[in-house]
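> Provided herewith is a single structure, encoded as structure tokens, for subsequent inquiry.
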Amino acid sequence: MIMICPVCGKEFEGKGRKRFCSPVCQMKGSRQTRKEWEQKTGYLEKLRESRRIQRAEESEAKRNEAEKARKKHHRAEKQRDRRAETREQKARQKRAEKGDYYALMDIAQEDGDMLSYWKYYKLEELAFCKSMGKDSTRKVNGIPVQDEDFEIKVIETIKRFGEIQATVK
Ligand SMILES: [Zn+2]
């Protein structure tokens with residue numbers, strides 16, 4: 001039976017279920033059939049869509065992972081900071097208990113206890129000058145540190161003038 005090859009249009013002797021003239025045309029033909037099937041069923045679009053969804057899910061998972069790692073890192077950092085702060089506070093507390101005026105001033109200032117702050121300021125200055133064997137000439141807002149009411153007067157002048165001026169003659 002003479003048949004016409006649907007790929008190249010050549011006539012050939014058809015035998016059985018043979019539809020193409022040669023193996024090359026058969027390959028081209030089955031490729032064509034596959035292509036038509038893909039177009040008819042929307043196969044490639046579906047494949048592309050499912051790959052797109054898969055990629056989106058993967059990058060979402062990656063983002064979540066990175067966010068989790070970032071938060072964990074941040075938590076650890078904060079904890080380290082808190083520990084360091086606590087260590088620092090403890091060390092300062094110890095210095096204060098030993099009578100370190102700078103530590104006492106820091107703590108008083110943090111507590112908003114300015115009366116104690118200026119009292120320790122005075123005591124530190126007097127202790128330092130005594131250790132140097134001399135009298136202090138320091139004044140804050142015009143108030144000499146030797147003044148019995150130094151801390152009260154300093155706070156009053158700060159309230160009145162709103163500034164601090166320390167002078168040493
Ligand atoms: Zn052919």
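> Can you find a residue that is outside any helix (DSSP H, G or I), at pLDDT below 95 and within 16 Å of the ligand (Cβ to nearest atom) anywhere in the stretch 40-48?
Within the stretch 40-48 (the criterion being outside any helix (DSSP H, G or I), at pLDDT below 95 and within 16 Å of the ligand (Cβ to nearest atom)), the answer is no, since none of the residues qualifies.
> Moving to a separate point now. Could you tell me which residue of the stretch 1-21 is farthest from the ligand (Cβ to nearest atom), considering only residues that are of a type in the set (Gly, Ala, Ser) and surrounded by fewer than 14 Cβ atoms within 10 Å (Cβ to Cβ)? Let's see the steps before the verdict.
Initial filter on the stretch 1-21 (of a type in the set (Gly, Ala, Ser)): 9, 14, 16.
Next, from what is left, pick out any that are surrounded by fewer than 14 Cβ atoms within 10 Å (Cβ to Cβ): 9, 16.
Values: 9: 7, 16: 17 Å.
Selected residue: 16.
> For the stretch 148-169, which positions are more than 19 Å from residue 123 (Cβ to Cβ), without any contact (Cβ under 8 Å) to a residue 24 or more places away in the chain and surrounded by fewer than 10 Cβ atoms within 10 Å (Cβ to Cβ)?
159, 160, 162, 163
> Among the candidates 98, 40, which residue alone is out of contact with any Phe, Trp or Tyr (no Cβ under 7 Å at 6 or more places or on another chain), more than 30 Å from residue 128 (Cβ to Cβ) and loosely packed, with under 10 Cβ neighbours inside 10 Å? Reasoning before the result, please.
On the way: 98 fails: more than 30 Å from residue 128 (Cβ to Cβ).
Answer to the selection: 40.
> Looking at 51, 92, which one is free of Cβ contacts under 8 Å to residues at least 60 places away in the same chain and either under 30 Å from residue 124 (Cβ atoms) or surrounded by 11 or more Cβ atoms within 10 Å (Cβ to Cβ) (or both)? Walk me through it before giving the result.
Values: 51 fails: either under 30 Å from residue 124 (Cβ atoms) or surrounded by 11 or more Cβ atoms within 10 Å (Cβ to Cβ) (or both).
Just a single option satisfies the conditions, and that option is 92.
> Does residue 127 satisfy the criteria of being surrounded by 10 or more Cβ atoms within 10 Å (Cβ to Cβ), under 37 Å from the mean Cα position of the chain (by Cα), more than 16 Å from the ligand (Cβ to nearest atom) and among the hydrophobic types (A, V, I, L, M, F, W, C)? It would help to see each step written out before you state the result.
Values: surrounded by 10 or more Cβ atoms within 10 Å (Cβ to Cβ): yes; under 37 Å from the mean Cα position of the chain (by Cα): no; more than 16 Å from the ligand (Cβ to nearest atom): yes; among the hydrophobic types (A, V, I, L, M, F, W, C): yes.
So residue 127 fails the test.
The values are calculated or read from the model by the stated rules, or taken from the named source; none is laboratory data. As the structure is a prediction and not an experimental result, all values here were calculated from the model. Here the Cβ is made from the backbone with ideal geometry for all residues, glycine too, and neighbour counts use every protein chain on show.
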